[in-house]
1. Please compute the modelled spin-label separation between residue 154 and residue 102, points set 7 Å along Cα→Cβ, answer in nm with one decimal.
2. Would region 99-160 count as rounded, prolate or oblate if I go by the C-alpha gyration tensor, calling it rounded below 1.5 in a/c and otherwise prolate when a/b exceeds b/c, oblate otherwise?
3. For 57, 123, what's the fewest-to-most ordering of other Cβ within 10 Å of each Cβ?
4. Can you tell me the length gained on complete extension of the stretch residue 166 to residue 117, counting 0.36 nm per residue apart and subtracting the Cα distance?
5. Arrange the following residues from fewest to most other Cβ atoms within 10 Å of their Cβ: 51, 184, 90.
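What follows is calculated from the coordinates using simple rules that are stated; it is not laboratory data. Predicted model, so just to flag it, every value in this text is computed and none were measured. Virtual Cβ from ideal backbone geometry, glycine too; neighbours counted across all protein chains shown.
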Amino acid sequence: MLQTIGSSDITKVWQTQNTGKSSNYTVQNIENEEIQEAPKTVKVNGVEYNSEDVERWDSYIKNLHPTFLAFGIVATEGSGTEAVPAGTTSIHFYDFCSMLERGEIISPDNVRSGEMSYENAHWKERLELATFDNGQRDEIKSGKILEIINRCYELGMMSSNNNLILPDELSKIRLNKKFEEQQSILHKPHLQNLEVRKKSIEQFYKSKQIRNAYQNSI
């Protein structure tokens with residue numbers, strides 16, 4: 001049973017953890033005498049995010065937005081302050097928001113298994129019993145949280161144990177995706193034709209060397 005969602009203990013963890021802001025810079029177009037300012041970025045765990053997005057996501061934490069409350073429920077360490085075992089820490093809240101807003105499927109395998117996992121987790125029933133800071137139930141807020149959690153399953157962001165995928169798993173998924181994209185590029189028809197032509201040229205060159213060697217031996 002969920003109790004008192006949205007305590008200040010949760011917000012302490014995610015507001016400033018592993019966050020470094022990079023300074024903005026300007027690019028001057030001398031010909032047109034225009035100055036363009038590049039957007040500021042915030043780097044967290046090696047990933048850069050637009051500072052405007054980060055400012056908005058930070059407001060989710062401060063105001064206990066349903067997105068942050070949903071994250072606190074499905075993240076492995078979201079509802080407590082005790083240390084969690086190494087390798088079991090959830091993805092960062094910024095990554096969570098970014099994936100939701102992009103709307104891209106993270107893992108087709110997780111999507112396929114997610115429907116059954118979602119039903120078995122009884123999220124609807126659990127959120128109907130949830131209370132918030134005032135100790136009262138809030139059907140509208142619970143409904144929004146339920147929608148976000150459901151969206152996480154639809155995008156393959158949830159593991160079979162009904163928690164957010166871990167950073168290591170997410171890294172593997174992204175690496176496999178990059179590998180598949182590279183393979184698809186390499187197997188495009190025009191590149192295959194180039195490979196065939198390259199082999200033909202090599203064979204022609206070798207046969208020419210053999211003929212020249214034979215002529216020289218006569």
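1. Here the answer is 1.8 nm between the modelled labels.
2. Note, shape of region 99-160 comes out oblate.
3. With the fewest neighbours first, 57, 123 line up as 123, 57.
4. On the way: separation 49, 0.36 × 49 = 17.64 nm, distance 1.67 nm.
Full extension from residue 166 to residue 117 adds 16.0 nm.
5. 184, 51, 90
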